[in-house]
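To start, the structure under review is shown below, and the notes come after it.
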Amino acid sequence: MSRLKKNVYIKNAAIFTEEDGVINGSLFIEGTKIKAIHTEEQHPPDNTTVIDGQGLNLIPGFIDGHIHGAAGADVMDATEKALDTMAGALPEEGTTSFLATTITQSPENISKALENVAHYVSKQGRAEVMGVHLEGPFIEASKKGAQPLEHIMEPDIEQFKKWQKLSGNAIKTITMAPEHDKTGDFIKYLHKHGVNVSAGHTDADFETIKKAIPDGLRQVTHLCNAMNGIHHRDIGAVGAAFQLEELRAELIADGIHVSPEMLQLIFSNIGSERLILITDAMRAKCLQAGDYELGGQPVTVSEDRAVLENGTLAGSILKMQQGARQMLRLKDASIQSIVQMTSENPAKQLHIFDRKGSIKTGKDADLLLVDADLNIKYTICRGTVAYQEG
């Protein structure tokens, strides 16, 4: 891993800025922050590393709000080494920050994973852990997907309070089945306390999703997967994501969880303003095909997918860069729309847009230098080069 000097100067790049759109110019990083953006070349001070961005695009780093593991590590390992391994591997695919995502498991195992995140300190030159995505255990059994059936629970505010305390208030997103919150009290509590509530692993119909919005439902987990699709008599959770503008929707754009044709339909109807690209990756990402595990369940990984013994998809081995490329191939997609789906939207959804998700003076220097096909040349995590091509 290469290390930068104290300051960084990037010149001759097409910079995708928050305030002025795409400008040709230079950007100066001081420490971990974006210090200045210029339209004309400057003379950087001493102790500055200069990167020539000629012919390249400077965009904000990707934020993966739903990832279980990578490079042989898993959040449920509940160790500092596991989070270090993930954080070290992700910059190569353009991810500069992420939510450590748990799986439906015993309360004891979930507690261990949450405590581990609470004590974890993100390190320079690696992707930053922004908190936790608690996927389950408050989900619908018939839509469990790869979530272990024996550990599914009914929504429980007191249990959530215990977990949130153990995590050091790090739980930022929770995936749950809204139909199991009959009174709406659980969703209301989560929303009141700043948690991003996402409907997933759910059998909810359209009306159930719609009724949960005033309570605080704001997202749909891995759109199309582990939920009801669109039917001509009930458009279900997928149709709710299409129609209800209060919702943003996660999307696994590997062409397997959702076909390329459906990706186009989703993009054309929902648009980049409300989509959030995720990987939902498990520990086998970045590794060879073979036998692995997810939540204590055996998983077989081939060249392009991970499945349980019964053939159910078990997360993914997708890299964020690959998902972004898949979306860039769609009609009317652009690098600007990729920026929205990979950076801006997740930052806004997690209430961290004051720090991340766009290129603006004063924000964290989480940046990617990419070509027109999203090949990553440099990944900078909080001012430090975490990946350089070649």
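The values are calculated or read from the model by the stated rules, or taken from the named source; none is laboratory data. In this text, all values refer to a predicted model and were calculated from it rather than measured experimentally. No Cβ is skipped: glycine too gets one built from the backbone with ideal geometry, and neighbour counts run over all protein chains shown. These area figures cover heavy atoms from the full protein model, side chains too; ligands, DNA and RNA do not enter into them. Shrake-Rupley method; radii C 1.70, N 1.55, O 1.52, S 1.80 Å.
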Residue pairs within 7 Å by beta carbon, gap of at least six or interchain, first lying in the stretch 95-122 and open to solvent by 20 Å² or more (accessible area, probe 1.4 Å), second modelled with pLDDT under 95, listed first then second, are Gln105/Pro148; Gln105/Gly295
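Which is of a type outside the set (Ser, Thr, Tyr) and surrounded by fewer than 24 Cβ atoms within 10 Å (Cβ to Cβ), of Glu246, Glu250? It would help to see each step written out before you state the result.
On the way: Glu250 fails: surrounded by fewer than 24 Cβ atoms within 10 Å (Cβ to Cβ).
One residue alone meets the criteria, Glu246.
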Residue count, the stretch 202-223 (criterion: farther than 12 Å from Thr173 by Cβ and either open to solvent by 10 Å² or more (accessible area, probe 1.4 Å) or among the hydroxyl-bearing types (Ser, Thr, Tyr) (or both)): 11
Condition test on Ser343, is it crowded, with 23+ Cβ neighbours inside 10 Å, hydroxyl-bearing (Ser, Thr, Tyr) and touching a residue at least 40 places away in the same chain (Cβ under 8 Å)? yes
Consider Glu250 carefully, then state whether it is touching a Leu at 6+ places or on another chain (Cβ under 9 Å), modelled with pLDDT of 95 or more and in a loop (DSSP other than H, G, I, E, B). no
The stretch 199-233: number of residues that are at positive phi and polar (S, T, N, Q): 0
Counting only strands (runs of 3 or more DSSP E) entirely within the stretch 14-85, those with at least 2 residues that are touching a Cys at 6+ places or on another chain (Cβ under 8 Å) and of a type in the set (Asp, Glu) are none
Is it true that some residue in the stretch 288-309 is of a type in the set (Gly, Ala, Ser), buried (at least 16 other Cβ atoms within 10 Å of the Cβ) and at pLDDT 95 or above? no
Restricting attention to the stretch 253-279, which residues are assigned to a loop (DSSP other than H, G, I, E, B) and either of a type outside the set (Ser, Thr, Tyr) or under 19 Å from Glu93 (Cα atoms) (or both)? Ala253, Asp254, Gly255, Ile256, His257, Val258, Gly271, Glu273, Arg274, Thr279
Scanning for something within 21 Å of Ala199 (Cβ to Cβ), modelled with pLDDT under 95, more than 13 Å from the chain's Cα centre (by Cα) and crowded, with 20+ Cβ neighbours inside 10 Å, does the stretch 155-166 turn up at least one residue? no
Is there a residue being free of Cβ contacts under 8 Å to residues at least 12 places away in the same chain and of a type in the set (Asp, Glu) anywhere in the stretch 59-74? no
Looking for whichever is among the small types (Gly, Ala, Ser) and within 17 Å of His133 (Cβ to Cβ) here; the options are Gly194, Gly229. Which one fits? Gly194
Quick check on the stretch 253-287: of everything there that is charged (D, E, K, R) and farther than 20 Å from Ile67 by Cα, which residue is least open to solvent (accessible area, probe 1.4 Å)? Glu273
